[in-house]
Structure formats: structure tokens, C-alpha cells
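Rule-based calculations on the coordinates, nothing more; no lab input. Everything quoted here is computed from the prediction, not taken from an experiment. Cβ coordinates were reconstructed from backbone atoms using ideal geometry, including for glycine residues, and neighbour counts include every protein chain displayed.
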Amino acid sequence: MFFGEFVTFLGGSLNQILIPAIFCGYFILRRDYYSSSILLMWVGYNIVNVSFYMADAVVMKLPLLGGDSSMHDWNNLLWMTHTLQYTHLFSSIAWGIGMFVMVAGAVLAVKFSVKEEEVVRL
């Protein structure tokens, strides 16, 4: 546990969001805004997926990749921070953020799919 127990538990969810976010930033730097907006939708989709995993922190019914003997990351994270009672609140906030990011990415994808020269001006 190079970065400590907390970051180790957070790592899976964090990477699920950071990997597409890094690629989104890469395409922004290349000024490829359409590709970055598609990746932004992926970031939002992954935040929504993390919110479902967060919501499962108390009941722990979702199947885990390591099988039944695996530890539930969000149960451990929220237990370590003494916020397990706020599971529903945190997962709802994450879901809302994820949906907003996904919709924003979709709107931007539509916007950047039409080149400036193709826009009909009235």
C-alpha cells in the first residue's frame, strides 16, 4: 500500500474516472474538441457507475471482481471516514454530477460535430 490504505481503496474508482479524463484533456490540448466531448461523456458514464458502487456500500449486494472474499472499497472508505450513514447522499450527488457531465459531453459533441463553415447563417 504505497500511498496508504485510503488511496488504495479509492484507487479503482479514481482510475475509472481519471483514465478517460486524462485522454479528454489530451484531446483538448490537441484542439480536437469533438473527441474530447465524446470522452467527457465516458467520464460522466463512469461517475454514474461509481455512484452505483457507492450506493452499494451498506448492503454490499453487487458482485465484486475478486469474488465474495473481496473487500468492498466504498464500504471501507466510508467506514474509515465515519460517513457510512451518508452513503445515499454521496451516491446521489455522484450520480447527479455524472449525469450532468454525460449530458454536457453529449451537447458538446453535437456542437463540435458541425464545422463552423457548415453552419447556415440566417
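Taking neighbour Cβ counts within 10 Å as the exposure measure, how do 77, 14, 40 sort from fewest upward?
14, 77, 40
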Under the 0.36 nm per residue contour assumption, what length would be gained going from the current alpha-carbon distance of residue 61 and residue 14 to full extension? 14.8 nm
Any idea how far apart residue 79 and residue 99 come out in nm if each label point goes 7 Å out from Cα toward Cβ? 3.0
Hz values of 3J(HN,Hα) by residue in the stretch 26-36 - Karplus curve (6.51, -1.76, 1.60), Gly and Pro given as x: 4, 5, 5, 4, 7, 6, 9, 6, 5, 4, 5
